[in-house]
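The values are calculated or read from the model by the stated rules, or taken from the named source; none is laboratory data. Nothing here was measured: the structure is a model prediction, and the numbers come from that model. For neighbour counting, all protein chains shown are included, and Cβ atoms are generated from backbone atoms with ideal geometry for every residue, glycine included. These accessible areas exclude ligands, DNA and RNA; they are computed on the full protein's heavy atoms, side chains included. Shrake-Rupley method; radii C 1.70, N 1.55, O 1.52, S 1.80 Å.
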Amino acid sequence: MKKKQALRRWDVTGKRQLEMVNFELPRIQAGDLHLEFLANGVCGSDTHMFHTGAVHPGHAGGHHSLTLGHELIARVKRVGRNVAGFKVGDIVAVEPGLPCGTCPNCLKGRYHCCPKTKYMGTPPQDGGLADEFYWPARWCHKLPAKLAKDPVLASLVEPLAACRQSWALRNKLVDLADDEWTIITGTGAMALGVLAIIKASNPKEKVMVLGRGEAALKFATEYGADATLQLSGVNPERIAATIAAELDPLVETNHFDDDSSVCKDVCKTKAGKKAVQAALAAVRECRSRGAHKPVILQTLTEAARKAAEDVMTEENTAVFKHAQEMANGFISSVFECTGSERLLETLFNSRCMLANGAIIGLGCHYGVHFDVAMLRRFELAFQPVRRSCNQFPATLELLNDRPEFFAPLVGGTASFEDFGKLMFGEVERAETGTGGPKTVIVRS
(Lines give C-alpha, C1' and ligand atoms only; values in the text may rest on other atoms or scores of the structure.)
Protein backbone atom coordinates (compact mmCIF):
# COMPACT_ATOMS: atom_id res chain seq x y z
CA MET A 1 0.00 0.00 0.00
CA LYS A 2 1.33 3.43 -0.96
CA LYS A 3 2.27 5.52 2.07
CA LYS A 4 0.12 8.59 2.50
CA GLN A 5 2.10 11.78 1.92
CA ALA A 6 2.28 14.12 4.91
CA LEU A 7 0.37 17.38 4.66
CA ARG A 8 2.36 20.60 4.98
CA ARG A 9 1.55 24.14 6.08
CA TRP A 10 3.44 27.37 6.69
CA ASP A 11 3.41 28.45 10.35
CA VAL A 12 4.80 31.54 12.04
CA THR A 13 6.37 30.23 15.23
CA GLY A 14 8.00 33.42 16.57
CA LYS A 15 9.39 36.79 15.47
CA ARG A 16 10.80 36.29 11.97
CA GLN A 17 10.40 32.55 12.44
CA LEU A 18 8.57 30.65 9.73
CA GLU A 19 8.45 26.89 9.41
CA MET A 20 6.94 24.35 7.03
CA VAL A 21 5.13 22.05 9.45
CA ASN A 22 3.74 18.58 8.84
CA PHE A 23 0.22 18.04 10.15
CA GLU A 24 -2.88 15.87 9.96
CA LEU A 25 -6.42 17.05 9.39
CA PRO A 26 -9.04 16.11 11.98
CA ARG A 27 -12.45 14.66 11.09
CA ILE A 28 -14.34 16.90 8.65
CA GLN A 29 -17.38 18.76 10.01
CA ALA A 30 -20.76 18.29 8.36
CA GLY A 31 -20.88 21.84 6.96
CA ASP A 32 -17.28 22.00 5.74
CA LEU A 33 -15.54 21.61 2.43
CA HIS A 34 -12.24 19.73 2.28
CA LEU A 35 -10.11 22.01 0.12
CA GLU A 36 -6.85 21.59 -1.79
CA PHE A 37 -4.62 24.65 -2.06
CA LEU A 38 -4.20 26.26 -5.48
CA ALA A 39 -3.19 29.90 -4.96
CA ASN A 40 -2.86 32.55 -2.27
CA GLY A 41 -2.05 36.24 -2.55
CA VAL A 42 0.55 37.49 -0.08
CA CYS A 43 -0.96 40.27 2.03
CA GLY A 44 0.77 42.93 4.09
CA SER A 45 -0.79 41.34 7.16
CA ASP A 46 1.09 38.10 6.39
CA THR A 47 4.33 40.08 6.43
CA HIS A 48 3.25 41.79 9.66
CA MET A 49 2.55 38.45 11.34
CA PHE A 50 5.92 37.13 10.17
CA HIS A 51 7.84 40.08 11.63
CA THR A 52 5.90 40.29 14.91
CA GLY A 53 5.61 36.57 15.57
CA ALA A 54 1.84 36.46 14.95
CA VAL A 55 1.01 39.31 17.30
CA HIS A 56 -1.92 41.55 16.34
CA PRO A 57 -3.24 44.68 18.09
CA GLY A 58 -6.81 43.42 17.84
CA HIS A 59 -6.11 40.13 19.64
CA ALA A 60 -5.53 40.01 23.38
CA GLY A 61 -5.49 36.23 23.79
CA GLY A 62 -2.60 33.88 24.37
CA HIS A 63 0.08 33.44 21.73
CA HIS A 64 0.47 30.33 19.61
CA SER A 65 1.91 29.36 16.24
CA LEU A 66 -0.18 30.64 13.35
CA THR A 67 -0.71 29.34 9.81
CA LEU A 68 -0.64 32.22 7.33
CA GLY A 69 -2.77 32.87 4.25
CA HIS A 70 -6.22 34.33 3.67
CA GLU A 71 -6.42 35.30 -0.04
CA LEU A 72 -7.16 31.75 -1.08
CA ILE A 73 -8.30 29.85 -4.15
CA ALA A 74 -8.74 26.10 -3.68
CA ARG A 75 -10.15 22.95 -5.27
CA VAL A 76 -12.88 20.94 -3.55
CA LYS A 77 -11.54 17.52 -2.58
CA ARG A 78 -14.39 16.33 -0.35
CA VAL A 79 -17.82 17.63 0.66
CA GLY A 80 -19.28 17.54 4.19
CA ARG A 81 -22.48 15.55 4.54
CA ASN A 82 -24.67 18.64 5.11
CA VAL A 83 -23.24 20.65 2.20
CA ALA A 84 -25.27 21.29 -0.94
CA GLY A 85 -24.31 23.13 -4.13
CA PHE A 86 -20.69 21.96 -4.30
CA LYS A 87 -19.03 18.91 -5.79
CA VAL A 88 -15.55 17.44 -5.90
CA GLY A 89 -13.40 19.34 -8.39
CA ASP A 90 -15.12 22.71 -8.01
CA ILE A 91 -12.73 25.68 -7.79
CA VAL A 92 -13.69 28.09 -5.02
CA ALA A 93 -12.68 31.41 -3.54
CA VAL A 94 -12.49 31.37 0.24
CA GLU A 95 -14.07 34.26 2.13
CA PRO A 96 -11.75 34.31 5.16
CA GLY A 97 -13.95 35.62 7.99
CA LEU A 98 -15.96 33.45 10.38
CA PRO A 99 -18.64 35.66 11.99
CA CYS A 100 -20.74 34.33 14.86
CA GLY A 101 -24.07 34.64 13.02
CA THR A 102 -26.08 35.58 16.12
CA CYS A 103 -24.93 39.07 17.23
CA PRO A 104 -26.86 42.23 16.25
CA ASN A 105 -24.39 43.02 13.44
CA CYS A 106 -24.73 39.54 11.95
CA LEU A 107 -28.52 39.61 12.25
CA LYS A 108 -28.58 42.95 10.40
CA GLY A 109 -26.44 41.50 7.58
CA ARG A 110 -23.28 43.36 8.62
CA TYR A 111 -21.38 40.17 9.29
CA HIS A 112 -18.01 41.77 8.55
CA CYS A 113 -18.45 43.94 11.66
CA CYS A 114 -19.18 40.99 13.97
CA PRO A 115 -17.07 41.55 17.12
CA LYS A 116 -16.57 37.79 17.47
CA THR A 117 -15.28 37.24 13.94
CA LYS A 118 -12.36 34.88 13.53
CA TYR A 119 -10.29 35.76 10.49
CA MET A 120 -7.92 33.51 8.59
CA GLY A 121 -4.26 34.15 9.27
CA THR A 122 -5.01 36.46 12.21
CA PRO A 123 -4.72 35.26 15.82
CA PRO A 124 -6.28 33.02 16.94
CA GLN A 125 -7.59 31.67 13.57
CA ASP A 126 -5.18 29.72 11.37
CA GLY A 127 -5.01 30.53 7.68
CA GLY A 128 -5.01 28.27 4.66
CA LEU A 129 -1.43 28.36 3.37
CA ALA A 130 -1.41 24.57 3.56
CA ASP A 131 -1.61 21.62 1.18
CA GLU A 132 -5.17 20.98 2.35
CA PHE A 133 -7.57 22.55 4.83
CA TYR A 134 -11.23 22.67 5.83
CA TRP A 135 -13.51 25.70 5.57
CA PRO A 136 -17.26 26.13 6.03
CA ALA A 137 -19.07 25.86 2.69
CA ARG A 138 -21.12 28.90 3.74
CA TRP A 139 -18.01 31.02 3.18
CA CYS A 140 -16.83 29.48 -0.10
CA HIS A 141 -17.75 30.90 -3.50
CA LYS A 142 -17.70 28.80 -6.66
CA LEU A 143 -15.70 30.49 -9.41
CA PRO A 144 -17.21 31.28 -12.82
CA ALA A 145 -16.03 28.79 -15.44
CA LYS A 146 -13.52 31.06 -17.21
CA LEU A 147 -12.01 32.40 -14.01
CA ALA A 148 -11.69 28.89 -12.55
CA LYS A 149 -8.95 28.25 -15.13
CA ASP A 150 -6.81 31.06 -13.68
CA PRO A 151 -6.41 30.64 -9.88
CA VAL A 152 -3.66 33.28 -9.76
CA LEU A 153 -5.96 35.97 -11.15
CA ALA A 154 -8.83 34.69 -8.99
CA SER A 155 -6.74 35.14 -5.84
CA LEU A 156 -7.20 38.90 -6.24
CA VAL A 157 -10.84 38.54 -5.19
CA GLU A 158 -10.32 38.98 -1.43
CA PRO A 159 -8.41 42.30 -1.51
CA LEU A 160 -10.48 43.57 -4.44
CA ALA A 161 -13.69 42.76 -2.55
CA ALA A 162 -12.51 45.07 0.25
CA CYS A 163 -11.64 47.71 -2.36
CA ARG A 164 -15.10 47.36 -3.87
CA GLN A 165 -16.59 47.70 -0.38
CA SER A 166 -14.73 51.00 0.06
CA TRP A 167 -15.87 52.20 -3.37
CA ALA A 168 -19.51 51.35 -2.58
CA LEU A 169 -19.33 53.16 0.77
CA ARG A 170 -17.80 56.21 -0.92
CA ASN A 171 -20.62 56.25 -3.46
CA LYS A 172 -23.18 56.40 -0.65
CA LEU A 173 -21.46 59.44 0.83
CA VAL A 174 -20.39 61.43 -2.23
CA ASP A 175 -22.14 62.21 -5.49
CA LEU A 176 -19.23 63.13 -7.73
CA ALA A 177 -19.58 65.84 -10.35
CA ASP A 178 -17.61 65.61 -13.58
CA ASP A 179 -15.09 68.25 -12.47
CA GLU A 180 -14.34 66.62 -9.10
CA TRP A 181 -11.29 64.51 -8.31
CA THR A 182 -10.61 61.42 -6.24
CA ILE A 183 -7.30 60.99 -4.42
CA ILE A 184 -5.74 57.65 -3.49
CA THR A 185 -2.89 57.75 -0.96
CA GLY A 186 -0.55 54.79 -1.24
CA THR A 187 0.68 52.55 -4.03
CA GLY A 188 0.35 49.11 -2.45
CA ALA A 189 -2.06 46.35 -3.42
CA MET A 190 -5.06 47.98 -1.72
CA ALA A 191 -4.42 51.43 -3.20
CA LEU A 192 -3.98 50.11 -6.72
CA GLY A 193 -6.93 47.77 -6.17
CA VAL A 194 -9.09 50.81 -5.46
CA LEU A 195 -7.78 52.42 -8.63
CA ALA A 196 -8.71 49.25 -10.53
CA ILE A 197 -12.23 49.11 -9.12
CA ILE A 198 -12.84 52.79 -9.86
CA LYS A 199 -11.54 52.64 -13.43
CA ALA A 200 -13.34 49.36 -14.16
CA SER A 201 -16.59 50.94 -13.02
CA ASN A 202 -16.16 54.47 -14.35
CA PRO A 203 -13.12 55.07 -16.59
CA LYS A 204 -13.90 58.80 -16.73
CA GLU A 205 -13.57 59.40 -12.97
CA LYS A 206 -10.58 61.65 -12.33
CA VAL A 207 -8.15 59.86 -10.04
CA MET A 208 -4.87 61.13 -8.60
CA VAL A 209 -2.50 58.69 -6.83
CA LEU A 210 -0.11 59.92 -4.14
CA GLY A 211 2.73 57.63 -3.09
CA ARG A 212 6.41 57.44 -2.20
CA GLY A 213 7.89 55.05 -4.77
CA GLU A 214 8.65 56.24 -8.31
CA ALA A 215 8.21 52.78 -9.86
CA ALA A 216 4.82 52.29 -8.21
CA LEU A 217 3.65 55.73 -9.30
CA LYS A 218 4.75 54.89 -12.84
CA PHE A 219 2.67 51.71 -12.67
CA ALA A 220 -0.32 53.72 -11.43
CA THR A 221 0.00 56.08 -14.39
CA GLU A 222 0.21 53.22 -16.87
CA TYR A 223 -2.74 51.53 -15.17
CA GLY A 224 -5.03 54.52 -15.60
CA ALA A 225 -4.34 57.15 -12.95
CA ASP A 226 -4.99 60.62 -14.37
CA ALA A 227 -2.24 62.19 -12.27
CA THR A 228 0.35 61.21 -9.65
CA LEU A 229 2.32 63.06 -6.97
CA GLN A 230 5.19 61.86 -4.80
CA LEU A 231 4.76 61.94 -1.03
CA SER A 232 7.58 62.75 1.38
CA GLY A 233 10.35 60.19 1.47
CA VAL A 234 11.33 61.04 5.06
CA ASN A 235 11.52 57.98 7.31
CA PRO A 236 11.44 59.33 10.91
CA GLU A 237 12.07 55.96 12.58
CA ARG A 238 15.11 55.22 10.42
CA ILE A 239 16.57 58.69 10.93
CA ALA A 240 16.10 58.48 14.70
CA ALA A 241 17.65 55.02 14.87
CA THR A 242 20.67 56.15 12.84
CA ILE A 243 21.24 59.16 15.10
CA ALA A 244 20.84 57.10 18.27
CA ALA A 245 23.36 54.53 17.01
CA GLU A 246 25.94 57.21 16.21
CA LEU A 247 25.48 59.09 19.49
CA ASP A 248 25.33 56.00 21.68
CA PRO A 249 29.08 55.86 22.46
CA LEU A 250 29.21 59.64 23.00
CA VAL A 251 26.36 60.38 25.38
CA GLU A 252 28.60 60.01 28.44
CA THR A 253 31.23 62.47 27.14
CA ASN A 254 31.18 66.21 27.67
CA HIS A 255 32.33 67.60 24.33
CA PHE A 256 30.18 66.27 21.54
CA ASP A 257 26.76 67.81 22.09
CA ASP A 258 27.71 71.13 20.51
CA ASP A 259 30.02 69.51 17.97
CA SER A 260 28.87 70.13 14.39
CA SER A 261 30.94 67.16 13.22
CA VAL A 262 28.51 64.51 14.58
CA CYS A 263 25.99 62.79 12.31
CA LYS A 264 27.31 64.53 9.18
CA ASP A 265 25.67 62.11 6.76
CA VAL A 266 22.29 62.44 8.45
CA CYS A 267 22.56 66.23 8.37
CA LYS A 268 22.65 66.26 4.56
CA THR A 269 18.84 66.37 4.48
CA LYS A 270 16.53 68.90 6.09
CA ALA A 271 14.79 66.24 8.14
CA GLY A 272 18.09 64.75 9.27
CA LYS A 273 19.54 68.12 10.27
CA LYS A 274 16.42 69.03 12.28
CA ALA A 275 16.48 65.61 13.93
CA VAL A 276 20.15 65.93 14.94
CA GLN A 277 19.55 69.38 16.39
CA ALA A 278 16.59 68.07 18.38
CA ALA A 279 18.63 65.07 19.60
CA LEU A 280 21.52 67.25 20.81
CA ALA A 281 19.11 69.60 22.58
CA ALA A 282 17.53 66.58 24.28
CA VAL A 283 20.96 65.39 25.44
CA ARG A 284 21.77 68.77 26.96
CA GLU A 285 18.42 68.86 28.74
CA CYS A 286 18.87 65.34 30.08
CA ARG A 287 22.37 66.14 31.34
CA SER A 288 21.10 69.24 33.13
CA ARG A 289 18.97 67.04 35.34
CA GLY A 290 21.55 64.28 35.77
CA ALA A 291 19.80 61.61 33.67
CA HIS A 292 21.54 58.28 33.09
CA LYS A 293 22.55 56.91 29.68
CA PRO A 294 19.42 54.75 28.99
CA VAL A 295 17.14 57.72 29.66
CA ILE A 296 19.31 60.01 27.53
CA LEU A 297 19.26 57.58 24.60
CA GLN A 298 15.50 57.10 24.81
CA THR A 299 14.87 60.84 25.04
CA LEU A 300 17.18 61.79 22.17
CA THR A 301 15.68 59.07 19.96
CA GLU A 302 12.15 60.32 20.55
CA ALA A 303 13.20 63.94 20.00
CA ALA A 304 14.92 63.04 16.72
CA ARG A 305 11.93 61.02 15.52
CA LYS A 306 9.51 63.85 16.34
CA ALA A 307 11.65 66.46 14.56
CA ALA A 308 11.92 64.30 11.43
CA GLU A 309 8.21 63.58 11.60
CA ASP A 310 7.47 67.30 11.66
CA VAL A 311 9.44 67.75 8.42
CA MET A 312 7.61 64.78 6.86
CA THR A 313 4.27 66.35 7.83
CA GLU A 314 5.34 69.69 6.40
CA GLU A 315 6.32 68.08 3.10
CA ASN A 316 3.16 65.99 2.87
CA THR A 317 1.00 69.01 3.64
CA ALA A 318 2.61 70.72 0.64
CA VAL A 319 1.81 67.66 -1.50
CA PHE A 320 -1.86 67.75 -0.48
CA LYS A 321 -2.00 71.47 -1.24
CA HIS A 322 -0.42 70.82 -4.65
CA ALA A 323 -3.01 68.11 -5.31
CA GLN A 324 -5.75 70.58 -4.44
CA GLU A 325 -4.33 73.09 -6.92
CA MET A 326 -4.14 70.44 -9.66
CA ALA A 327 -7.77 69.55 -8.97
CA ASN A 328 -8.81 73.23 -9.03
CA GLY A 329 -9.92 72.87 -5.42
CA PHE A 330 -12.35 70.04 -6.15
CA ILE A 331 -11.07 66.97 -4.26
CA SER A 332 -14.28 65.29 -3.17
CA SER A 333 -13.02 61.94 -1.90
CA VAL A 334 -9.80 60.42 -0.63
CA PHE A 335 -9.08 56.72 -0.24
CA GLU A 336 -6.40 56.50 2.48
CA CYS A 337 -4.64 53.18 1.91
CA THR A 338 -1.28 53.55 3.69
CA GLY A 339 -2.38 52.93 7.28
CA SER A 340 -0.06 55.78 8.33
CA GLU A 341 -1.52 57.62 11.30
CA ARG A 342 0.56 60.73 10.61
CA LEU A 343 -0.47 60.83 6.95
CA LEU A 344 -4.15 60.56 7.87
CA GLU A 345 -3.77 63.36 10.41
CA THR A 346 -1.94 65.47 7.83
CA LEU A 347 -4.76 64.88 5.37
CA PHE A 348 -7.36 66.00 7.91
CA ASN A 349 -5.41 69.10 8.88
CA SER A 350 -4.38 70.18 5.38
CA ARG A 351 -7.93 71.37 4.59
CA CYS A 352 -7.41 70.34 0.98
CA MET A 353 -10.82 68.73 0.42
CA LEU A 354 -14.09 69.97 -1.01
CA ALA A 355 -16.90 70.50 1.52
CA ASN A 356 -19.12 67.43 1.97
CA GLY A 357 -16.31 65.18 0.82
CA ALA A 358 -15.38 61.80 2.27
CA ILE A 359 -12.19 60.17 3.49
CA ILE A 360 -12.28 56.39 3.17
CA GLY A 361 -9.78 54.61 5.42
CA LEU A 362 -8.64 51.19 4.18
CA GLY A 363 -5.58 50.86 6.40
CA CYS A 364 -5.45 49.89 10.09
CA HIS A 365 -5.14 53.22 11.90
CA TYR A 366 -4.46 52.98 15.63
CA GLY A 367 -4.25 55.94 18.01
CA VAL A 368 -4.92 58.67 15.45
CA HIS A 369 -5.12 62.19 16.90
CA PHE A 370 -6.69 65.01 14.94
CA ASP A 371 -8.83 68.10 15.40
CA VAL A 372 -12.46 67.03 14.89
CA ALA A 373 -13.19 70.63 13.99
CA MET A 374 -11.38 69.99 10.71
CA LEU A 375 -14.17 67.55 9.81
CA ARG A 376 -16.94 69.78 11.14
CA ARG A 377 -15.91 72.90 9.24
CA PHE A 378 -16.32 71.17 5.89
CA GLU A 379 -18.85 68.54 6.99
CA LEU A 380 -16.43 65.88 5.86
CA ALA A 381 -17.19 62.21 6.39
CA PHE A 382 -14.54 59.79 7.63
CA GLN A 383 -15.58 56.24 6.73
CA PRO A 384 -13.24 53.43 7.84
CA VAL A 385 -13.57 50.10 6.05
CA ARG A 386 -13.49 46.77 7.81
CA ARG A 387 -13.12 44.07 5.15
CA SER A 388 -15.89 43.29 2.67
CA CYS A 389 -19.53 42.37 3.08
CA ASN A 390 -21.39 40.46 0.36
CA GLN A 391 -18.85 41.68 -2.22
CA PHE A 392 -17.30 38.37 -3.31
CA PRO A 393 -19.91 37.43 -5.98
CA ALA A 394 -19.78 40.80 -7.76
CA THR A 395 -15.98 40.95 -7.54
CA LEU A 396 -15.64 37.45 -8.99
CA GLU A 397 -17.84 38.50 -11.89
CA LEU A 398 -15.62 41.54 -12.49
CA LEU A 399 -12.53 39.35 -12.59
CA ASN A 400 -14.27 36.88 -14.88
CA ASP A 401 -15.51 39.56 -17.27
CA ARG A 402 -12.34 41.73 -17.33
CA PRO A 403 -9.37 39.40 -16.79
CA GLU A 404 -7.05 41.40 -19.06
CA PHE A 405 -7.79 44.57 -17.08
CA PHE A 406 -7.10 43.13 -13.62
CA ALA A 407 -4.23 40.77 -14.52
CA PRO A 408 -1.52 43.50 -14.37
CA LEU A 409 -2.10 43.81 -10.61
CA VAL A 410 -0.26 40.48 -10.23
CA GLY A 411 3.41 41.39 -10.39
CA GLY A 412 4.90 38.00 -9.62
CA THR A 413 4.48 34.47 -8.30
CA ALA A 414 6.35 32.03 -6.08
CA SER A 415 5.84 28.36 -5.38
CA PHE A 416 4.31 26.98 -2.20
CA GLU A 417 7.62 25.29 -1.39
CA ASP A 418 9.54 28.57 -1.75
CA PHE A 419 7.24 30.69 0.43
CA GLY A 420 9.64 30.62 3.37
CA LYS A 421 12.63 31.60 1.22
CA LEU A 422 10.55 34.42 -0.27
CA MET A 423 9.70 35.83 3.15
CA PHE A 424 13.33 35.64 4.28
CA GLY A 425 14.48 37.33 1.07
CA GLU A 426 16.44 34.29 -0.10
CA VAL A 427 14.57 34.07 -3.42
CA GLU A 428 12.83 36.60 -5.62
CA ARG A 429 9.35 36.18 -7.03
CA ALA A 430 9.04 35.15 -10.67
CA GLU A 431 8.09 38.43 -12.30
CA THR A 432 5.09 38.62 -14.60
CA GLY A 433 6.50 41.71 -16.29
CA THR A 434 3.64 44.00 -15.29
CA GLY A 435 5.26 45.65 -12.27
CA GLY A 436 2.06 45.07 -10.30
CA PRO A 437 2.04 45.05 -6.49
CA LYS A 438 0.65 41.60 -5.75
CA THR A 439 2.71 38.45 -5.23
CA VAL A 440 0.80 35.16 -5.45
CA ILE A 441 1.87 31.82 -4.00
CA VAL A 442 0.99 28.97 -6.34
CA ARG A 443 0.72 25.21 -6.12
CA SER A 444 3.82 23.57 -7.56
Whole angstrom only: what separates the Cα centroid of region 80-130 from the Cα centroid of region 389-444? 22
For region 150-155, take each phi angle, set θ = phi - 60°, evaluate the Karplus expression 6.51 cos²θ - 1.76 cosθ + 1.60, and give the result in whole Hz per residue in order, putting x for glycine and proline. 9, x, 4, 4, 4, 5
Per residue of region 178-194, in order, report the coupling 6.51 cos²θ - 1.76 cosθ + 1.60 (Karplus, θ = phi - 60°) as ³J(HN,Hα) in whole Hz, putting x for Gly and Pro. 5, 9, 9, 10, 10, 10, 10, 9, x, 9, x, 4, 5, 4, 6, x, 4
Taking region 115-188 as the region of interest, what is the percent of Cα-Cα pairs per 5 angstrom bin, listed from the shortest bin to the one with the maximum distance? 3, 9, 13, 21, 17, 13, 12, 7, 3, 1, 0
Can you give me the angle between helix 214-223 and the longest principal axis of the chain, using Cα atoms only, in degrees from 0 to 90, rounded to the nearest 10? 40
Estimated dipole of the chain in Debye, rounded to 20 [Cβ of Lys and Arg +1, of Asp and Glu -1, Cα centre]: 1440
Tell me the mean residue ellipticity at 222 nm calculated for the chain from its helices only (DSSP H runs of n ≥ 4, each -39500 (n - 2.57), averaged over every residue, nearest 500). -11000 deg cm²/dmol
Setting aside same-chain residues fewer than 8 positions from LYS77, which aspartates and glutamates have a Cα under 12 Å from its Cα? ASP32, GLU36, ASP90, ASP131, GLU132
Taking the highest mean first, how do the peptides 396-405, 350-359 order by number of other beta carbon atoms within 10 angstrom per residue? 350-359, 396-405
For region 72-173, which whole-number percentage of the solvent-accessible area (1.4 Å probe, protein heavy atoms only) is attributable to carbon and sulfur atoms? 53
Can you give the angle from 0 to 90° between the axis of helix 157-173 and the longest principal axis of the chain, with both taken from C-alpha atoms, to the nearest 10? 70
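Counting only protein chains, not ligands or nucleic acids, how are PHE133, PHE378, PHE86 ordered by accessible area (probe 1.4 Å), most first?
The ranking, largest first, comes out as PHE378, PHE86, PHE133.
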Using a 1.4 angstrom probe on the protein heavy atoms only, could you order SER261, SER166 from most to least accessible area? SER261, SER166
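So what is the relative contact order of region 167-289, in percent, for Cα pairs below 8 Å that sit 6 or more residues apart?
Relative CO of region 167-289 lands at 17 percent.
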Do you know the relative contact order of the chain, to the nearest whole percent, from alpha carbon pairs under 8 angstrom that are 6+ apart? 16
Cβ-Cβ FRET estimate between GLU417 and LYS77, R0 fixed at 22 Å, reported to 0.05: 0.65
Ranked by accessible surface with a 1.4 Å probe, highest first, in what order do LYS218, LYS293, LYS15 come? LYS15, LYS218, LYS293
Quick one: which residues, 5 or more positions from HIS34 or on another chain, have an amide H under 5 Å from its amide H? H modelled 1.01 Å from N in the peptide plane, none for Pro or chain starts. LYS77, ARG78, VAL79, GLY80
Taking the Cα centre of each part, how many Å lie between region 235-298 and region 366-382? 35
With every protein chain present, what is the per residue accessible area of the chain (1.4 Å probe, Å²)? 47
For TYR111 the rounded accessible area (nearest 10 Å², probe 1.4 Å, non-protein molecules ignored) is 30
If amide H atoms are built 1.01 Å from N in the plane of the peptide, which residues on other chains or at least 5 residues away come under 5 Å of the amide H of PHE382? ILE359
Taking a ≥ b ≥ c as the square roots of the Cα gyration tensor eigenvalues, with a/c under 1.5 meaning rounded and otherwise prolate when a/b beats b/c or oblate if not, region 136-291 comes out prolate
Per-residue HN-Hα couplings for region 324-341, Karplus 6.51 cos²θ - 1.76 cosθ + 1.60 at θ = phi - 60°, whole Hz, x for Gly and Pro? 4, 5, 5, 8, 6, x, 10, 8, 9, 8, 10, 9, 8, 10, 8, x, 7, 4
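How much of the DSSP bridge set in region 342-444 is antiparallel, in percent, rounded to the nearest 5?
Values: 2 of 11 bridges.
The antiparallel proportion sits near 20 percent.
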Net length gained if the chain between ALA215 and GLU341 were fully extended (0.36 nm per residue, minus Cα distance): 43.0 nm
Can you compute the modelled spin-label distance between GLU19 and GLU285, with each label point 7 Å from Cα toward Cβ, in nm? 4.7
Counting only the heavy atoms of the protein chains, how much of SER415 is accessible to a 1.4 Å probe, in Å² to the nearest 10? 30
With charges only on Cβ, +1 for K and R and -1 for D and E, what is the dipole size of region 21-148 about its Cα centre, in debye, rounded to 20? 580
To the nearest 10 Å², what's GLU180's accessible area with a 1.4 Å probe? 30
0 to 90° range, to nearest 10: angle between helix 270-288 axis and the chain longest Cα axis: 70
